Amino acid sequence: MRILVVEDEARLSDALCEILRAQKYMVDAVFDGQTGLSFAEGGAYDLIILDVMLPTLNGFEVVSALRRRKCETPVLMLTAKDLVPDKVKGLDAGADDYMTKPFSPEELLARIRVLTRRRGEVLLDTLAFDDISLSLASCELSCIHTAKTVRLNYKETELLKLFLTHPNRIFSKDELILKVWGYDSEASDNNVEAYISFLRKKLSFIGSRCQPVALKKIGYKLEVTVC
Ligand code: CA
């Protein structure tokens, strides 16, 4: 489970990250609205914790931009303001829940559990494209033509999930590193190439006609290859 924290107060951001990492969530922290929007947009997060008062774009602007761009990641807004009109404004803009500072870690974690559970109910737990389907619960990749199945590891699942949720989109290596390994990781192009090659082997193994295709100097895209 990957969470994006958009909070400009460094101490609060650090505290949030510490609470979340202690629960084994993978966390990326950014400190202004514009950066938050560009990180959130890719859809690689399961939840976004978003402050209201932020530099560049405020939290209301970030969440409404995300919803306009059809990014449905759950958003938990976090603010010192506990005025009813602000809560309404946040929820109207597309936030899923609202929490006022100061808050207890227990309350934060409880709300995260609710939001991510709710998401699990509305989203399919299986992603499909052409002749393949990926079960997110078991990380099993199957080919409908051959009925063969193979288990993917965590990174392979995250990588394929990106391709399956954005069919026909080309991902650069930098984007894949950011979305699969995280923004503070030391992963390099070699890691991406290695995992793309693992995915290719597994897709071939189950007899799928889908393959991640390298587009020179641009990135990778999942394509149906015609024999
Ligand atoms: Ca703030």
Kindly provide the set of residues from the stretch 161-195 that are within 20 Å of Ala128 (Cβ to Cβ), open to solvent by less than 40 Å² (accessible area, probe 1.4 Å) and free of Cβ contacts under 8 Å to residues at least 60 places away in the same chain, ordered by number. Phe163, Leu164, Phe171
Going through the stretch 58-94 in order, the residues found to be within 15 Å of the ligand (Cβ to nearest atom), modelled with pLDDT of 90 or more, open to solvent by less than 40 Å² (accessible area, probe 1.4 Å) and not in a strand (DSSP E or B) are Gly59, Phe60, Val62, Val63
Can you give me the number of residues within the stretch 36-57 that are surrounded by fewer than 17 Cβ atoms within 10 Å (Cβ to Cβ) and more than 13 Å from the chain's Cα centre (by Cα)? 3
Every residue from the stretch 126-152 that is without any contact (Cβ under 8 Å) to a residue 40 or more places away in the chain, farther than 16 Å from Val224 by Cα and among the polar types (S, T, N, Q): Thr126, Ser135, Ser138
Positions within the stretch 31-46 being in contact with a strand residue (DSSP E or B) (Cβ under 7 Å, 6 or more places away or on another chain) and either assigned by TED's automatic domain parsing to the domain that holds Glu186 or touching a residue at least 60 places away in the same chain (Cβ under 8 Å) (or both), in sequence order: Phe39, Ala44, Asp46
Strands (runs of 3 or more DSSP E) wholly inside the stretch 129-227 containing at least 3 residues that are outside the structural domain of Phe31 (by TED's automatic domain parsing) and in contact with an Asp or Glu (Cβ under 8 Å, 6 or more places away or on another chain): 149-151, 210-215
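Taking into account only those residues within the stretch 30-57 that are within 16 Å of the ligand (Cβ to nearest atom) and assigned to a loop (DSSP other than H, G, I, E, B), which is nearest to Leu108 (Cα to Cα)? Steps first, please.
If we filter the stretch 30-57 for residues that are within 16 Å of the ligand (Cβ to nearest atom), which is where we start, we get 30-37, 48-57.
So of that shortlist, the ones also assigned to a loop (DSSP other than H, G, I, E, B) come out as 31-32, 52-57.
On the way: Phe31: 19, Asp32: 21, Val52: 16, Met53: 19, Leu54: 20, Pro55: 23, Thr56: 26, Leu57: 24 Å.
Among those that are within 16 Å of the ligand (Cβ to nearest atom) and assigned to a loop (DSSP other than H, G, I, E, B), it is Val52.
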Looking only at residues that are in a strand (DSSP E or B) and touching a residue at least 40 places away in the same chain (Cβ under 8 Å) in the stretch 1-29, which one is nearest to the ligand (Cβ to nearest atom)? Val6
So which residues in the stretch 63-108 are under 17 Å from Cys17 (Cβ atoms), touching a helix residue (DSSP H, G or I) at 6+ places or on another chain (Cβ under 7 Å) and touching a residue at least 40 places away in the same chain (Cβ under 8 Å), if there are any at all? Pro105, Leu108
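If you scan the stretch 1-27, which residues turn out to be of a type outside the set (A, V, I, L, M) and crowded, with 22+ Cβ neighbours inside 10 Å? Even if it seems obvious, please write down each step before you answer.
Going through the stretch 1-27, the residues of a type outside the set (A, V, I, L, M) turn out to be 2, 7-9, 11, 13-14, 17-18, 21, 23-25.
Scanning the stretch 1-27 gives a single hit, Glu7.
The values are calculated or read from the model by the stated rules, or taken from the named source; none is laboratory data. Fair warning: this is a prediction, and the values are worked out from it, not measured in the lab. Note that we place each Cβ from the backbone using ideal geometry, even for glycine, and neighbour counts take in every protein chain shown. Areas reflect the complete protein model, heavy atoms only, side chains present, ligands, DNA and RNA absent. Shrake-Rupley method; radii C 1.70, N 1.55, O 1.52, S 1.80 Å.
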